[in-house]
Amino acid sequence: MLADFGSHRKIALQAIINARRQPKAESSMWERTKNFFQKKDLPRLIGTPLSSLKLQGFIPNDFIEYEIPWDAIKYSIDDCISFGFTFEHMLRMNFRPDHFKQCEWRHYRQLNIDAKEMLKTCLNIHDLIALNLTPQQLHQLKWSWADLASIGGTKENIKFTKADQQMYFKKPVTKQRVGAFKF
């Protein structure tokens, strides 16, 4: 039977991270103060690989604590997810509707983003259309016709077929009357 180095390595890395985040009990007041102020280096460390930041004891909440906006993040969404960022972290870092363009379809699932979460960014219909999501994807993200209409969606600016509107958004298809008989 072979040893599982993967899980043991994760445990060891987590122990290192925890040890670096907690000051040593035997350190003097001066050393504790010095360690506290050294954490302020995070804004200067943007661009350093997130794996290195993690080994130094940084976590996603540190980015929020130091008020680093999402615009300053130079990492890929995949790297951010691996580091531990959630969509709630991203929102607190001023994630805007135009930042959704950085996301691929799989990121919506990994970050548990749905229509309700997307609406927290003050998204409008033009921002949503610019994402080029299919009617099926919007349906999977739990968008309803009422949600689309609430952000400015109309049949003129939403170019879905009537069948897609009926199937995915339960928008009633209005039937035209051909003629009426009078007796």
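The values are calculated or read from the model by the stated rules, or taken from the named source; none is laboratory data. Because the structure is predicted, anything quoted here is derived from the model rather than measured. Neighbour counts are summed over all protein chains in view; Cβ atoms, including those assigned to glycine, are modelled from backbone coordinates with ideal geometry.
For the range 117-132, does any single residue satisfy the condition of being under 30 Å from Gln14 (Cα atoms), at pLDDT 90 or above, loosely packed, with under 14 Cβ neighbours inside 10 Å and not hydrophobic (A, V, I, L, M, F, W, C)?
For the range 117-132, residues under 30 Å from Gln14 (Cα atoms), at pLDDT 90 or above, loosely packed, with under 14 Cβ neighbours inside 10 Å and not hydrophobic (A, V, I, L, M, F, W, C): absent.
Tell me the residue from Ile129, Ile125, Ile158 that is touching a Gly at 6+ places or on another chain (Cβ under 6 Å) and closer than 21 Å to Lys101 by Cβ, please.
The match here is Ile125.
Quick check on my filter: what residues within the range 133-157 are surrounded by 12 or more Cβ atoms within 10 Å (Cβ to Cβ), more than 16 Å from Arg109 (Cα to Cα) and of a type in the set (A, V, I, L, M)?
Passing the criteria: Leu148, Ala149, Ile151.
Do we have any residue at all in the range 111-118 that's in a loop (DSSP other than H, G, I, E, B), on the phi > 0 side of the Ramachandran plot and polar (S, T, N, Q)?
Yes, some residue in the range 111-118 is in a loop (DSSP other than H, G, I, E, B), on the phi > 0 side of the Ramachandran plot and polar (S, T, N, Q).
Within the range 82-114, which residues are surrounded by 18 or more Cβ atoms within 10 Å (Cβ to Cβ), out of contact with any Cys (no Cβ under 9 Å at 6 or more places or on another chain) and aliphatic (A, V, I, L, M)?
Met93 - this is the single residue of the range 82-114 that is surrounded by 18 or more Cβ atoms within 10 Å (Cβ to Cβ), out of contact with any Cys (no Cβ under 9 Å at 6 or more places or on another chain) and aliphatic (A, V, I, L, M).
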